[in-house]
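Some notes on the structure that comes next.
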């Protein structure tokens, strides 16, 4: 499957906002956007005038990069969100938040979504008792995500679990460090999703 393999700090600089793609580094003084807040490239410091379409495109790209989703896949999420009852923009964000790699990240089992995606691909998690290695797997209310028994001795996972105990977990999730598990208790409300995007602009982009 195709995926972006370039320097992820360029993506944050291009969008002009922290997308937290490198875990702990994004919170340190080494963060690229703190050191070089201008867009990458030789024309990065020039004046930019965005049209309405350009602003909508940037919001879409920002959301896509924030969750690590490819273009075609992101469009599929929009189409599914539009089919569901309720506000399309909020439906879109709920779908993205329901991805297994995002839930693993939100539970504190990974320092970034990129690391969560890698851990899921390597088969370190069970969902409702079954091994799932597809990062885009959409979790549902009531799903229980468990670190597999063989994976609990991996040093990196031990460190992440230790750090997870002191982290603030999303209110729509439930973490049980003692049983190496987390649970999706309900769907997130819009106010509980800290994604730095204006989802209505994304909907307008696809509605053109």
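The values are calculated or read from the model by the stated rules, or taken from the named source; none is laboratory data. As the structure is a computational prediction, the values presented were derived from the model and not from experiment. Cβ coordinates were reconstructed from backbone atoms using ideal geometry, including for glycine residues, and neighbour counts include every protein chain displayed.
Observations
- Residues of region 177-208 that are without any contact (Cβ under 8 Å) to a residue 24 or more places away in the chain, over 19 Å from residue 102 (Cβ atoms) and outside any loop (DSSP other than H, G, I, E, B): 177, 178.
- Near pairs, Cβ below 6 angstrom, 6+ apart or cross-chain, from region 150-173 (farther than 21 Å from residue 98 by Cα) to any residue that is in a loop (DSSP other than H, G, I, E, B): 151/124; 152/180
- Of the residues making up region 105-120, those that are touching a residue at least 60 places away in the same chain (Cβ under 8 Å) and in contact with a strand residue (DSSP E or B) (Cβ under 9 Å, 6 or more places away or on another chain) number 5.
Table: residues versus (1) modelled with pLDDT of 95 or more; (2) over 25 Å from residue 90 (Cα atoms).
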residue	(1), (2)
122	yes, yes
130	yes, yes
136	yes, no
144	yes, no
172	yes, no
178	no, yes
198	no, no
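- All positions within region 79-98 that are out of contact with any helix residue (DSSP H, G or I) (no Cβ under 7 Å at 6 or more places or on another chain) and under 17 Å from residue 137 (Cβ atoms): 94, 97, 98
- In summary, helices (runs of 4 or more DSSP H) completely within region 1-98 and bearing 1 or more residues that are closer than 20 Å to residue 134 by Cβ and at pLDDT 60 or above occur at 52-67, 71-83, 88-97.
- Subset of region 110-131 (residues that are out of contact with any helix residue (DSSP H, G or I) (no Cβ under 6 Å at 6 or more places or on another chain) and not in a helix (DSSP H, G or I)): 122, 123, 125, 126, 127, 128, 129, 130, 131
- Residue 123 surrounded by 13 or more Cβ atoms within 10 Å (Cβ to Cβ) and in contact with a strand residue (DSSP E or B) (Cβ under 8 Å, 6 or more places away or on another chain): yes
- Qualifying positions in region 175-208 - surrounded by fewer than 16 Cβ atoms within 10 Å (Cβ to Cβ) and more than 28 Å from residue 73 (Cβ to Cβ): 176, 177, 178, 179
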